[in-house]
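The values are calculated or read from the model by the stated rules, or taken from the named source; none is laboratory data. Keep in mind that this is a model prediction, so the values were computed, not measured. Cβ placement follows ideal geometry from the backbone for every residue including glycine, while neighbour counts extend to all protein chains displayed. Protein only, heavy atoms only, side chains kept; ligands, DNA and RNA dropped before computing areas. Shrake-Rupley method; radii C 1.70, N 1.55, O 1.52, S 1.80 Å.
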Amino acid sequence: MELSLVHPAIKAFMCGSFSGTCSTLLFQPLDLVKTRLQTLQSGMQPGSGRVGMMSVLLGVVRTERLLGLWKGVCPSFVRTIPGVGIYFSCYYSLKQHFFQDKRPGAGQAVMLGGGARTVAGVAMLPITVIKTRFECGRYSYVSVSGALRSVCQSEGPAALFSGLMATLLRDVPFSGIYVMFYSQIKASLPQEISSCPAAPLANFSCGVLAGVLASLVTQPADVVKTHVQVHPHLRTAEAIKYIYSEHGLQGFFRGAVPRCLRRTMMAAMAWTLYEQMMAHIGLKS
């Protein structure tokens, strides 16, 4: 089929999927380190040398070899390739429907990003649960399909949607805040930058700044989400009480550094690649 005949929303899906694939492969080690930090045994005191980002990273390499840093990359791909595609497809469709002839304002950008993330987050939550369990190192799953069968048989299908509320509380604000900052920062740049060779670098820099701000705001929800998905007997409110009783307020910011690095760099790379590919095929992102 000629690419020109493909529906624009499908083109956006394809561009988003490709950008998500590249960013996931590159930054998966940061996601694994973040998950390990958030699920350390409660007996390990925050702030000790054993719970630092580098010590966890070196520990994984020492016990699981270098490729161990990419543990969980298969479910990450299964989630990211369609998930990011769904996100950008929804984002493009919503933007074209509501803001075809104008630039969305700050509040409208929040709703635009949050709406697209809600659809993608709910659709891909079962794979997110499996990915989190792969990364934490406490489950001996062999494959994504085997893990899905195991969870359904031993815990019931509902377990695949554990952490739904925490996931939405993390991802929807993150995406909304990210799109708001990203669009506003880009709009403040001189017009000539968008057409010069340095445009991808400028877009990436805007994405990095927006990602840092959005990551810090949503970090506590990410910690809660991880605990609920690793310990399915916990509800969201129980997970919050557990984290606070074991680690205090600082427990809600465990894994903040690797997550901030990963989410920021992944989002910046995904948006930069998405916009460049959309421009290449003649669509306004």
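Couple of notes before you dig in:
- 182, 139, ranked by accessible area, largest first (probe 1.4 Å): 139, 182
- Accessible surface of the range 200-285 [probe 1.4 Å, protein heavy atoms]: carbon and sulfur percent: 69
- On Cα atoms only, tilt of 236-247 relative to the major axis of the chain in degrees: 60
- Here the sum of -39500 (n - 2.57) over DSSP H runs of 4 or more residues, divided by the residues of the chain, equals -25000 deg cm²/dmol at 222 nm, to the nearest 500.
- Theoretical gain in end-to-end length, residue 284 to residue 145 [0.36 nm per residue, Cα-Cα removed]: 46.3 nm
- Residues of the chain were split at every exposed loop site, defined as trypsin sites (Lys or Arg not before Pro) in a DSSP loop with at most 15 other C-beta atoms within 10 angstrom, and the longest piece left, sites excluded, is 139-234.
- Each principal axis of the Cα atoms in the range 191-285 has its own extent, and those three values, largest first, are 53, 23, 17 angstrom.
- If R0 is 45 Å, the Cβ-Cβ spacing of residue 195 and residue 61 corresponds to a FRET efficiency of close to 0.55.
- GNM result for the chain, Cα springs below 10 Å: residue of 144, 110, 61 fluctuating most strongly: 61
- Fraction of accessible area attributable to carbon and sulfur, the range 50-162 (%, probe 1.4 Å): 64
- Cα centre as origin, Lys/Arg/Asp/Glu Cβ charges: the chain dipole, Debye: 420
- Surface accessible to a 1.4 Å probe, per residue, for the residues of the chain, Å²: 47
- Rolling a 1.4 Å probe over the protein chains gives residue 21 an accessible area of about 40 Å².
- For the chain, built as a Gaussian network whose Cα springs stay under 10 Å, the top-fluctuating residue of 28, 96, 153: 153
- Viscosity 0.890 mPa s, 25 °C: Kirkwood-radius Stokes-Einstein D of the range 127-279 over Cα pairs, µm²/s: 143
- Inter-label distance, residue 231 to residue 250: 2.0 nm, where each label sits 7 Å from its Cα along the C-beta direction.
- By a 1.4 Å probe calculation restricted to protein chains, residue 185 has an accessible surface near 40 Å², given to the nearest 10.
- Among 157, 190, 232, the largest mean-square fluctuation in a Gaussian network model of the chain, built with springs joining Cα atoms closer than 10 Å, belongs to 190.
- Largest first, the three principal axis extents of the alpha carbons in the chain are 55, 39, 36 Å in whole numbers.
- Length released on extending from residue 54 to residue 7, taking residue separation times 0.36 nm less the Cα-Cα span: 12.4 nm
- Dipole of the range 98-200, positive direction: furthest Cα of 179, 134, 190, with charges on the beta-carbon: 134
- Heavy-atom accessible area for residue 246, with the other protein chains in place and a 1.4 Å probe, reaches approximately 80 Å².
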